Amino acid sequence: MTDTRNQVVVVTGASGGIGRAVARAFGARHARVALLARGEKGLKAAADDIRAAGGTALALPTDVADVEQVDAAADRVEEELGPIDVWVNVAFTSVFARFADIRPEEFRRVTEVSYLGYVYGTMAALDRMKPRDHGTVVQVGSALAYRGIPLQTAYCGAKHAVQGFHESLRCELLSERSKVRVTMVQMPAVNTPQFSWVLSRLPHHAQPVPPIYQPEVAARAVLYAADHPRRREYWVGGSTVGTLIANAVAPGVLDRYLADTGLRSQQTAHPKPADQPANLWHPADGPRGHDFGAHGEFDAKSSPRSLQLWASQHHGLLAAGGSALAATALALWRRTRS
Ligand SMILES: NC(=O)c1ccc[n+]([C@@H]2O[C@H](COP(=O)([O-])OP(=O)(O)OC[C@H]3O[C@@H](n4cnc5c(N)ncnc54)[C@H](OP(=O)(O)O)[C@@H]3O)[C@@H](O)[C@H]2O)c1
């Protein structure tokens with residue numbers, strides 16, 4: 001059993017959303033947590049969260065699209081906190097728009113942050129973990145790593161790229177018999193600030209497609225994956241399971257379904273606020289901004305738990321329960337026949 005107290009953990013995208021909830025959850029079990037993101041207000045508030053929860057925090061303003069910044073941050077973590085045990089890649093950005101409305105430089109920026117940011121984070125982690133033959137990298141993924149949806153071409157391309165990168169790297173580590181592990185956690189819709197600060201060219205306010213889960217559900221999944229990294233990937237939420245299975249069986253049917261529903265389901269009935277920030281090039285919590293926190297605007301519609309997540313983490317218990325039920329049923333059936 002791994003002793004998770006005092007683990008040195010790096011979380012990218014830790015100033016808001018899922019990364020913020022993940023960082024706080026590691027803090028609550030007394031980890032030493034390095035927070036990588038750009039927004040200083042969010043980073044400071046995230047560090048305060050971790051200290052209040054009982055952990056140690058090191059905030060390192062970093063743009064994950066810059067490989068030198070990521071590597072320098074990893075050096076600072078090891079100097080100040082010690083050898084990195086767990087690296088969690090979460091940072092991302094996107095553009096909510098039809099493909100025709102996204103400029104080439106915006107597409108490139110999304111790819112550099114949301115795909116290459118994961119690659120650079122993984123490089124920084126493996127450079128330090130492989131010589132020690134110890135450590136875990138968790139890639140925060142999405143059901144959209146397998147299934148593209150309208151209005152999210154740049155994001156879905158980046159998430160699919162992370163998925164392919166993850167599989168290739170995992171094969172290499174297995175072939176090397178490395179004890180360094182990589183695993184990926186495919187998330188459902190989560191109530192985070194992204195819908196209020198991602199660059200949007202939609203007429204209405206963006207929203208996650210229900211069912212929506214709170215970021216703490218995602219955080220629990222990430223911590224479990226970090227503690228059990230032998231599994232290649234985790235699926236979080238019944239909606240993720242349904243999407244991935246439906247896409248494997250009938251992707252063409254999903255194309256048509258999403259063409260009919262996918263533009264409406266990603267927007268509320270309210271117009272996009274005229275003063276909505278955009279975090280593509282700069283953080284949204286700049287000089288006149290505020291800390292956005294872990295949760296988005298959809299608390300009232302979001303679930304704090306997932307039965308599917310519990311089931312996926314308790315295969316053994318479920319199998320034992322199923323066997324016991326089957327044995328009881330068999331015994332009862334034999335008794336009725338004797
Ligand atoms: N929310 C969902 O519905 C959902 C669903 C499936 C998967 N996911 C996955 O979960 C992860 C987090 O999503 P989220 O909804 O929590 O996002 P979010 O609320 O938008 O938070 C994104 C985080 O990334 C950071 N970030 C953005 N650009 C950055 C850059 N260039 N360098 C460093 N950090 C940067 C942001 O901080 P700064 O702006 O301060 O840098 C923030 O901390 C993503 O990988 C996403 O694919 C989310």
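Please treat every number below as a calculation from the coordinates, not as lab data. Bear in mind the structure is a predicted one, so any value in this text is a computation, not a measurement. Note: ideal-geometry Cβ built from the backbone for every residue, glycine included; neighbour counts use all protein chains shown.
Could you give me the ³J(HN,Hα) list for the stretch 43-49, computed from phi with Karplus coefficients 6.51, -1.76, 1.60 and θ = phi - 60°, whole Hz, x at Gly and Pro?
5, 5, 5, 5, 5, 4, 4
If the cut-off is a Cα-Cα distance under 19 Å, which aspartates and glutamates reach K179, setting aside same-chain residues fewer than 8 apart in sequence?
D3, D85, D127, D133, E167, D227, E233
What FRET efficiency would be calculated for the residue pair F107, L325, taking the C-beta separation as r and a Förster radius of 45 Å, to the nearest 0.05? Spell out each step's value before the answer.
Values: r = 52 Å, r/R0 = 1.15.
Calculated transfer efficiency: 0.30.
Just rank I245, I18, I212, fewest to most, by other beta-carbon atoms within 10 angstrom. Please report the intermediate quantities before stating the final value.
Values: I245 11, I18 29, I212 22.
Fewest to most other Cβ atoms nearby, the residues stand as I245, I212, I18.
Taking other Cβ within 10 Å of each residue's Cβ, how do W235, W281, W87 sort, fewest first? Write out the running numbers ahead of the final one.
Values: W235 24, W281 13, W87 28.
The most exposed by this proxy come first: W281, W235, W87.
Please report how far the C-alpha centroid of the stretch 249-280 lies from that of the stretch 8-27, rounded to the nearest whole angstrom.
27
For the stretch 8-305, build the charge dipole from Cβ charges (+1 Lys, Arg; -1 Asp, Glu) around the Cα centre, then report which of A31, A143, S94 sits farthest towards its positive end.
Result: A143.
For L332 and H290 in one chain, what is 0.36 nm times their gap in residues minus the Cα-Cα distance, to one decimal in nm? Let's see the in-between values first.
Values: separation 42, 0.36 × 42 = 15.12 nm, distance 6.32 nm.
Computed gain between L332 and H290 is 8.8 nm.
Could you tell me the relative contact order of the stretch 8-305? Use alpha-carbon pairs under 8 Å, at least six residues apart, and round to a whole percent. Write out the running numbers ahead of the final one.
Working: 655 pairs, mean separation 65.4, N = 298.
Reported relative contact order: 22 percent.
Give the long-range amide H neighbours of S142: residues separated by 5 or more places, or on another chain, with amide H under 5 Å away, using H modelled in the peptide plane at 1.01 Å from N.
Amide H to amide H, under 5 Å and 5 or more residues apart or across chains, S142 pairs with M187.
For an R0 of 30 angstrom, estimate the FRET efficiency from the Cβ-Cβ distance between K44 and H315 and round to the nearest 0.05.
On the way: r = 40 Å, r/R0 = 1.34.
With R0 = 30 Å, the Cβ-Cβ based efficiency is 0.15.
From the helices alone, meaning DSSP H stretches of at least four residues, give me the mean residue ellipticity at 222 nm for the chain, per-run term -39500 (n - 2.57), in deg cm²/dmol to the nearest 500.
So the calculated ellipticity at 222 nm is -14500 deg cm²/dmol.
How many nm separate the modelled label positions at E79 and M123, each set 7 Å beyond the Cα in the direction of the Cβ?
2.1
Taking the DSSP beta bridges in the chain as the whole, what percent of them are antiparallel, to the nearest 5? Could you put the intermediate results ahead of the total?
Working: 2 of 36 bridges.
Among the beta bridges of the chain, antiparallel pairing accounts for roughly 5 percent.
If you stretched the chain out fully between R305 and Y257, how much longer would it get, using 0.36 nm times the residue separation minus the C-alpha to C-alpha distance?
Values: separation 48, 0.36 × 48 = 17.28 nm, distance 2.73 nm.
The R305-Y257 span can extend by a further 14.5 nm.
As a footprinting exposure proxy, order M123, M184, M129 by other Cβ within 10 Å, with the fewest listed first. Kindly include the intermediate steps, with their values, before the conclusion.
On the way: M123 15, M184 26, M129 23.
Going from sparsest to densest Cβ surroundings: M123, M129, M184.
Quick one: Cα centre-to-centre distance for the stretch 209-223 and the stretch 94-173, in angstrom?
Rounded to whole Å, the Cα centres lie 19 Å apart.
If you place +1 on the Cβ of every Lys and Arg and -1 on the Cβ of every Asp and Glu, how big does the dipole about the Cα centre of the chain come out, in debye to the nearest 20? Present the calculation step by step, with values, prior to reporting the outcome.
Working: 37 positive and 32 negative charges, 292 e Å.
Approximately 1400 debye in magnitude.
I need the phi-derived Karplus couplings for the stretch 16-24: 6.51 cos²θ - 1.76 cosθ + 1.60, θ = phi - 60°, integer Hz, Gly and Pro marked x.
x, x, 4, x, 5, 5, 5, 4, 5
Within 15 Å, Cβ to Cβ, of L174, how many net charges do the neighbouring residues add up to if Lys/Arg are +1 and Asp/Glu are -1?
Values: positive: K130, R170, R177, K179, R181, R230, R231, R232; negative: D133, E167, E172, E176, E233.
Net charge in that neighbourhood comes out at +3.
Suppose the chain between D227 and A100 were pulled fully straight at 0.36 nm per residue; how much longer would it get relative to their current alpha carbon spacing?
Numbers: separation 127, 0.36 × 127 = 45.72 nm, distance 4.22 nm.
Taking D227 through A100 to full extension adds about 41.5 nm, to one decimal.
Once amide H atoms are placed 1.01 Å from N in the peptide plane, what residues at a sequence separation of 5 or more from T56, or on another chain, have their amide H within under 5 Å of its amide H?
The answer is A31, R32, V33.
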